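For reference, the structure is listed below as structure tokens.
The values are calculated or read from the model by the stated rules, or taken from the named source; none is laboratory data. Keep in mind that this is a model prediction, so the values were computed, not measured. Don't worry about glycine lacking a Cβ; one is built from the backbone with ideal geometry, like all the others, and counts go over all protein chains shown. The area values use the complete protein model at the heavy-atom level, side chains included, leaving out ligands, DNA and RNA. Shrake-Rupley method; radii C 1.70, N 1.55, O 1.52, S 1.80 Å.
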Amino acid sequence: MTTKSLEIKVAILDLYDGIENEGMRGFREILERYRAKNNLNLTYEVFDVRQKVEVPGTEFDIYISSGGPGSPIDSEGTEWEKKYFRLMDSLEDHNLSNTSQKKYGFFVCHAFQLMCRKYRLGDINMRKSASFGVLPIHKTGAAISEPVFEGLPDPFYSVDSRSWQVINPNERRFVDLGMQLLAIEKERPYVDLPRAMMAIRFSDYFFATQFHPEADAVGIRSLLIKEDKKKEVVSEHGLDKYNEMLERLEDPDKITHTQNTIIPNFLDQAVLSLQEI
């Protein structure tokens, strides 16, 4: 896949609201590796959506929306969210038109939750306790033919870091909108609580995960060894689980494999589509 002359423009929508994070570095590094590996004329621009109310227009080819802190419900009616959803409506209208050049969107964690609220796909609530760690994610039957998951085992591992969740899928909405639930939270036989939705294909062009496929071992290790984060994880999961998370970071078949698979597979779809035009 080497088309140096074709310019591919990516917008990264930063929803972190100025909070220090590893996610933005992860997205940039994936894009830079992908550009070099495929010898592409790929550029990206970052928009600070929540803090500075920066929202791009529809001139980009690919849109990647990050995770972020806080409630995905309390932002309803804010200026940044109105502009954000107006952009999503414009991209969807564009994709429904006769144009051959479609716009691609990837939504992570907080953005996943916002889009689930927009489409009314399930119940959004705060977890009893925050989820954080390198955790197994299970595919659904609908994921068998999903190209973004190609090359991933079942379960696969990724970083799950969230205080909020989307649960109880509204099956009628999924059917009516032609959407597919592709992954769910790890099984917890000892906890009588619904399993969160973890990945959804909204359309041929929009894909979303409630976990963090951009996360890498370096960034997560730096978080886990901080004393406050260690305390939080040990108090929630126990010391054995904490040590297991550190071990999982060293395993190339876990989050490293996920980081090298999901977003690159999504980019393959988008870039191949652009090259065919």
Worksheet item: Can you work out ³J(HN,Hα) from phi for every residue in segment 22-35, in order, using Karplus 6.51 cos²θ - 1.76 cosθ + 1.60 and θ = phi - 60°, giving whole Hz and x for Gly and Pro?
Response: 9, x, 5, 4, x, 4, 4, 5, 4, 5, 5, 5, 5, 4
Worksheet item: If you find the alpha carbon centre of segment 60-118 and of segment 223-275, how far apart are they in angstrom?
Response: 24 Å
Worksheet item: Ordering 103, 139, 52 by how much accessible area each has at a 1.4 Å probe, largest first, what is the list?
Response: 52, 139, 103
Worksheet item: Taking H as built 1.01 Å from N, whose amide H comes closer than 5 Å to the amide H of residue 44, not counting residues under 5 places away?
Response: 10
Response to the item:
Checked against a 25 Å limit on the C-alpha separation, the offending pairs among 128/231; 52/139; 118/241 are 52/139; 118/241
Worksheet, complete the sentence: Of the accessible area of segment 134-173, computed with a 1.4 Å probe and all protein chains kept, carbon and sulfur make up a percent value of 47 percent
Discussion item. From the protein chains alone at 1.4 Å, what is the descending order of accessible area for 124, 8, largest first?
Written reply: 124, 8
Practice prompt. Name the shape class, rounded, prolate or oblate, that the alpha-carbon gyration tensor gives for segment 102-144, where a ≥ b ≥ c are the square roots of its eigenvalues, rounded holds for a/c under 1.5, and otherwise prolate holds if a/b is larger than b/c and oblate otherwise.
Written response: oblate
Worksheet item: Of all DSSP beta bridges in the chain, what percent run antiparallel (nearest 5)?
Response: 50 percent
Item to complete: Quick one: which residues, 5 or more positions from residue 140 or on another chain, have an amide H under 5 Å from its amide H? H modelled 1.01 Å from N in the peptide plane, none for Pro or chain starts.
Response: 183, 184
Worksheet entry | Global form of segment 155-257, assessed from the alpha-carbon gyration tensor, a/c cut-off 1.5 | prolate
Discussion item. Between 0 and 90 degrees, rounded to the nearest ten: what's the tilt of helix 239-250 against the longest Cα principal axis of the chain?
Written reply: 40 degrees
Worksheet entry | Tensor-based shape of segment 1-148 (alpha-carbon gyration tensor, a/c under 1.5 rounded, otherwise prolate or oblate) | rounded
Worksheet item: Within a Cβ distance under 12 Å of residue 125, other residues only, what is the Lys/Arg minus Asp/Glu net charge?
Response: +3
Discussion item. Here are a few candidate values for semi-axes √(5λ) of the Cα gyration tensor in Å: (1) 32, 19, 18; (2) 36, 18, 17; (3) 28, 22, 19. Which one was actually calculated from the structure I just gave you?
Written reply: (3)
Item to complete: At most 10 other Cβ atoms within 10 Å and a DSSP loop assignment: could you name the GluC sites (Glu not before Pro) in segment 41-81 that fit?
Response: 59
